[in-house]
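Enquirer: Quick one: the structure is below, questions incoming.
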Amino acid sequence: MPRHVRQSREMASHRKPVIVRKFSRDWYAGYAGATFGQNAAELEILDLTGKVLRIGWEQVKWVCYVRDFPASSPSSSASAGQSNPERLMHKRFAIRPRTAGLWLRMTLIDGDELEGLASNDRSLVEGAGLLLTPPDTRSNTQRIYVPRQAIQTLEVVSLIGAANRKRAAEMSRSAEQPDLFPVEPDAASL
């Protein structure tokens with residue numbers, strides 16, 4: 001019995017709550033692995049009833065890592081949670097973000113626009129999609145994964161945090177000890 005408890009804890013730590021939005025406007029709530037196989041042909045999630053769902057990446061608009069699930073189920077269309085279960089109220093930054101990273105603006109193949117912060121690393125050019133921090137970090141959505149085939153256009157708006165690195169490099173150069181007796185070009189040839 002204690003072994004079973006340990007397995008369930010391990011399972012919980014490796015599965016993250018997600019809401020998968022499809023281009024058809026349908027959505028699914030469930031649990032995906034921490035690295036849910038972006039290079040696989042389809043996304044596999046464990047829904048709230050315990051069924052394994054497989055969704056082709058060509059149907060996926062985005063995968064939102066969420067804090068909690070909406071109270072309504074996808075089958076009840078009367079509730080407000082049905083239309084926006086991600087509770088993603090802001091899809092664009094109102095002001096310049098403060099967190100370091102690349103500020104990206106993208107248009108998805110259905111015409112929807114989305115902004116977010118991405119890490120300035122190799123994941124921008126490699127991999128099957130982009131992992132973004134949404135504009136409103138206080139919303140239910142903590143991170144958004146957008147598959148590459150869902151992106152129509154991608155624009156880098158700004159590199160946030162690069163100025164701090166430049167300032168640090170300038171400070172380290174100016175902090176070097178100056179020479180007491182600088183060598184003059186004429187004196188060096190003697």
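Enquirer: As an exercise: evaluate Gln149 against (1) in contact with a strand residue (DSSP E or B) (Cβ under 8 Å, 6 or more places away or on another chain); (2) modelled with pLDDT of 85 or more; (3) not in a strand (DSSP E or B) and give the number of the one condition it does not meet.
Expert: (1)
Yes/no per residue for (1) among the acidic types (Asp, Glu); (2) touching a His at 6+ places or on another chain (Cβ under 6 Å):
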site: Glu86; (1), (2): yes, no
site: Arg92; (1), (2): no, no
site: Arg105; (1), (2): no, no
site: Asp112; (1), (2): yes, no
site: Leu117; (1), (2): no, no
site: Leu124; (1), (2): no, no
site: Gly129; (1), (2): no, no
site: Pro135; (1), (2): no, yes
site: Glu155; (1), (2): yes, no
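Enquirer: Return the residues of segment 52-71 that are part of a helix (DSSP H, G or I), surrounded by 15 or more Cβ atoms within 10 Å (Cβ to Cβ) and touching a helix residue (DSSP H, G or I) at 6+ places or on another chain (Cβ under 7 Å); say none if nothing qualifies.
Expert: Matches in segment 52-71: Trp57 only.
Enquirer: For segment 129-140, which residues satisfy the criterion of being over 13 Å from the mean Cα position of the chain (by Cα) and loosely packed, with under 15 Cβ neighbours inside 10 Å?
Expert: Residue satisfying the conditions is Arg138 alone.
Enquirer: Quick check on segment 74-97. Is at least one of its residues surrounded by 11 or more Cβ atoms within 10 Å (Cβ to Cβ), over 16 Å from Thr137 (Cβ atoms) and modelled with pLDDT of 80 or more?
Expert: No, segment 74-97 contains no residue that is surrounded by 11 or more Cβ atoms within 10 Å (Cβ to Cβ), over 16 Å from Thr137 (Cβ atoms) and modelled with pLDDT of 80 or more.
The values are calculated or read from the model by the stated rules, or taken from the named source; none is laboratory data. Just so it is clear, the structure is predicted and the values come from calculations on it, not from any experiment. Cβ atoms come from the backbone with ideal geometry, glycine included; neighbour counts cover every protein chain shown.
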